[in-house]
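The numbers here are math on the coordinates, done by the rules we state, and not lab data. Values in this document were obtained by computation on a predicted structure and should not be read as measured data. Note that each Cβ is placed from the backbone with ideal geometry, even for glycine, and that neighbours are counted across all protein chains shown.
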Amino acid sequence: MNDPQPVPARAVVRAPGPHDTPMMRQYLEVKAAQPDCVLLMRMGDFYEAFLDDAVELSRITGVALTSRNKDADQPIAMAGVPHHSLHGHLPKLLAAGKRVAIMDQLEDPKEAKGLVKRGLTRLITAGTLIDESGLEAGAANHLVALTGLDGVIGVAALDVSTGRFTVEEAATPAQLALALARLQPVELLLPEELRGEPAALARLAELSAPMPLPAVSGLPAYAWKSADARRFLAARLRVASLDGFGLGPG
């Protein structure tokens, strides 16, 4: 696991300008919806990043940084990777604490009338990587959600690559520290309001020691409603009640 990455302030994405090409407008529209991700857009045989994302892609993976409109007052930075080597670069971005958004072509360029339709197809984080080439053989790749940091703490762990899912409670900070040491998460999910809270992150870093604090992602308040979670799990497991799993209310 790598050194902990600071949680960035929400990125500011520039709006499309009058001199932007239709393709660049496509990119900026999707980027506006995913400001905290490195956005990679499929263009022919490459996945390209632009502006600040191009700078980050080049810095982290070592691919060449170039620019469009080199003679313009404000050239547009760009960097790209061949589509067949994308999975070789994703682990580097994720290890650096980045979230990656993939924008694919939604129609055959040969049949497109004008600009090729493109859209967001994947969001990839450290805890949702499933490609075996980017995973450590024999090691779990836990995405861990924490709730109730001020009292009894709920700890839900999912290894997306295998489908293994566990739930437990930690009644004390010491128990949470033991759970984190055992699970060794690659990504933590917290309520959005805690994701950027320095005190909460400092406490989690302390409890994660000596392992570094992993990547931290936030989810909005509606995603943490326990009643909705129980209904979802019951439907997925095809059971009427979760009592037999020790996950009943109370």
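Assuming Gly196 fulfils every condition listed in (1) surrounded by fewer than 20 Cβ atoms within 10 Å (Cβ to Cβ); (2) of a type outside the set (Val, Ile, Thr); (3) within 15 Å of Gly127 (Cβ to Cβ) apart from one, which condition is it?
(3) is the only condition that Gly196 fails.
Within the set of pairs 6+ apart or on separate chains, which have a first residue in segment 168-191 that is within 24 Å of Leu242 (Cα to Cα), a second that is surrounded by fewer than 16 Cβ atoms within 10 Å (Cβ to Cβ), and C-beta atoms under 7 Å apart?
Here the result reads Glu169/Val152; Ala171/Val152; Ala179/Glu168; Leu189/Leu219; Pro191/Leu219; Pro191/Ala221, each pair linking segment 168-191 to a residue that is surrounded by fewer than 16 Cβ atoms within 10 Å (Cβ to Cβ).
What is the residue count in segment 43-68 for residues that are more than 17 Å from Leu93 (Cα to Cα) and either touching a Phe, Trp or Tyr at 6+ places or on another chain (Cβ under 6 Å) or surrounded by 14 or more Cβ atoms within 10 Å (Cβ to Cβ) (or both)?
The initial filter retains those residues of segment 43-68 that are more than 17 Å from Leu93 (Cα to Cα), namely 43-45, 66-68.
With either touching a Phe, Trp or Tyr at 6+ places or on another chain (Cβ under 6 Å) or surrounded by 14 or more Cβ atoms within 10 Å (Cβ to Cβ) (or both) added as a condition, the list becomes 43, 66-68.
Residues in segment 43-68 being more than 17 Å from Leu93 (Cα to Cα) and either touching a Phe, Trp or Tyr at 6+ places or on another chain (Cβ under 6 Å) or surrounded by 14 or more Cβ atoms within 10 Å (Cβ to Cβ) (or both): 4 in total.
Condition test on Ser217, is it in a loop (DSSP other than H, G, I, E, B), closer than 22 Å to Ala96 by Cα and among the polar types (S, T, N, Q)?
Numbers: in a loop (DSSP other than H, G, I, E, B): no; closer than 22 Å to Ala96 by Cα: yes; among the polar types (S, T, N, Q): yes.
When the stated conditions are applied, Ser217 does not pass them.
Just checking, does segment 149-157 include any residue being crowded, with 19+ Cβ neighbours inside 10 Å, among the β-branched types (Val, Ile, Thr) and more than 23 Å from Leu93 (Cα to Cα)?
Yes, that holds for at least one residue.
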